[in-house]
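Below is one structure; the comments refer to it alone.
The values are calculated or read from the model by the stated rules, or taken from the named source; none is laboratory data. Computed from a predicted model, the values in this text were never measured in an experiment. Positions of Cβ are backbone-derived with ideal geometry, glycine not excepted, and every protein chain shown enters the neighbour counts. The protein model used for the area step is the full one, side chains on, heavy atoms only, and it has no ligands, DNA or RNA in it. Shrake-Rupley method; radii C 1.70, N 1.55, O 1.52, S 1.80 Å.
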Amino acid sequence: MPPARKRPRTYDPAKTRAAVLAQFGHVREAMGTLTDEQLALPSRLGAWTVRDLAAHITMAVESVTRALARPEPPKAELNALDYASATAAHAGAIAEGSHGLAEATSDLVALYAGVEQRITDALAATPPGRLIDTRAGGMLLDDYLLTRAIELVVHTDDLNAAVPGLDVPYDRHALATCVRLLADTLAARAPGGSTEVRIPPYAVVQCVEGPRHTRGTPPNVVETDPLTWIRLATGRVEWAAALEEAEVSASGERADLSGLLPLMS
């Protein structure tokens, strides 16, 4: 008898919208503290500087406003779990656009203020259930906003890594959404019940084909903290390095996730 299909996790649209705005607000406030020297620092994203990264974050959020200004598509072709794979082909264009905006923008603080006002106004005028046309295809607005939470949390971590002492805070709901959606993406790509992945306090998922446990401690367990999980899932940290630094624990013969990570980059 095949295993029962797992019910998709649900997210409260109002909380997701609030979390996206809150996390963008945290980054906007940090922009006002950065010097030209700090903006010129390298990031861990290849050739991107902090200024390039800062510009990219505004593009990720402004994409919501721009999508809402376009006609509504006839149907949703993607959900939030599809999005990471669907956008990989656009990485080059995204990088080029980010660098171009960074070069063209002299006042990042003003850019952030404008983007924040536009998305706040656009979301206030848009009820739940709206479909939007994204770069990768039609999506529910509220599914797309889940991906914006991922973008904001991941790039907040990139900013903190690039600028010593910056310490941009994380909105708790945005962080939880990012962790859960990436964990669910892993479970969708490697369905099964032999391995339990724990990211306390936000998520526990079962994945990987093999014998399924029904009670007690599962034979294969992976556990890590939220930021380490996000870094593993997005390729910021390699599996072997996280194990060596004791940032992740893995027990059992099916607990090696190195062949499944990263989920997005």
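Remarks
- Residues within segment 247-256 that are surrounded by fewer than 19 Cβ atoms within 10 Å (Cβ to Cβ) and more than 25 Å from the chain's Cα centre (by Cα), tallied: 3
- Candidates in segment 15-74 are the residues that are closer than 21 Å to A136 by Cβ and charged (D, E, K, R); of these, the one that is surrounded by the fewest Cβ atoms within 10 Å (Cβ to Cβ) is R70.
- If you go through segment 165-187 and keep only what is touching a Pro at 6+ places or on another chain (Cβ under 9 Å) and over 18 Å from Q23 (Cα atoms), you end up with just D184.
- Test: R236 is surrounded by 15 or more Cβ atoms within 10 Å (Cβ to Cβ), modelled with pLDDT of 95 or more and either hydrophobic (A, V, I, L, M, F, W, C) or in contact with a Lys or Arg (Cβ under 8 Å, 6 or more places away or on another chain) (or both): yes
- Cβ separations smaller than 7 Å between residues 6+ apart or across chains give the following pairs from segment 239-265 residues that are within 17 Å of P191 (Cα to Cα) to residues that are assigned to a loop (DSSP other than H, G, I, E, B): R254/S194; R254/V208; R254/G210; L260/A190; P262/T234; P262/G235.
Conditions tested, residue by residue: (1) in contact with a Lys or Arg (Cβ under 8 Å, 6 or more places away or on another chain); (2) open to solvent by 10 Å² or more (accessible area, probe 1.4 Å); (3) at pLDDT 95 or above; (4) not β-branched (V, I, T).
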residue: L141; (1), (2), (3), (4): yes, no, yes, yes
residue: N160; (1), (2), (3), (4): no, yes, yes, yes
residue: L166; (1), (2), (3), (4): no, yes, yes, yes
residue: P200; (1), (2), (3), (4): no, yes, yes, yes
residue: E209; (1), (2), (3), (4): no, yes, no, yes
residue: T228; (1), (2), (3), (4): no, no, yes, no
residue: E245; (1), (2), (3), (4): no, yes, yes, yes
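- Scanning segment 151-199 for residues that are farther than 21 Å from G259 by Cβ, over 11 Å from the mean Cα position of the chain (by Cα) and of a type in the set (S, T, N, Q) yields a total of 1.
- Check on A241, farther than 25 Å from A86 by Cβ, of a type outside the set (D, E) and at pLDDT 95 or above: yes
- V115, sole failed condition from (1) farther than 18 Å from G235 by Cα; (2) open to solvent by less than 20 Å² (accessible area, probe 1.4 Å); (3) in a helix (DSSP H, G or I); (4) in contact with a Leu (Cβ under 9 Å, 6 or more places away or on another chain): (4)
- Just one of (1) touching a residue at least 60 places away in the same chain (Cβ under 8 Å); (2) farther than 26 Å from V237 by Cβ; (3) open to solvent by 10 Å² or more (accessible area, probe 1.4 Å) fails for H155. It is (2).
- Residue pairs meeting the criteria (Cβ under 9 Å; at least 6 apart or on separate chains; first free of Cβ contacts under 8 Å to residues at least 60 places away in the same chain, in segment 16-43; second assigned to a helix (DSSP H, G or I) and among the basic types (K, R)): D36/R51; A40/R51
- Where a residue in segment 72-101 is in contact (Cβ under 8 Å) with a residue 40 or more places away in the chain and its partner, wherever it lies, is among the hydroxyl-bearing types (S, T, Y), with Cβ under 6 Å and at least six apart: A80/T147; L81/T185; Y83/T147
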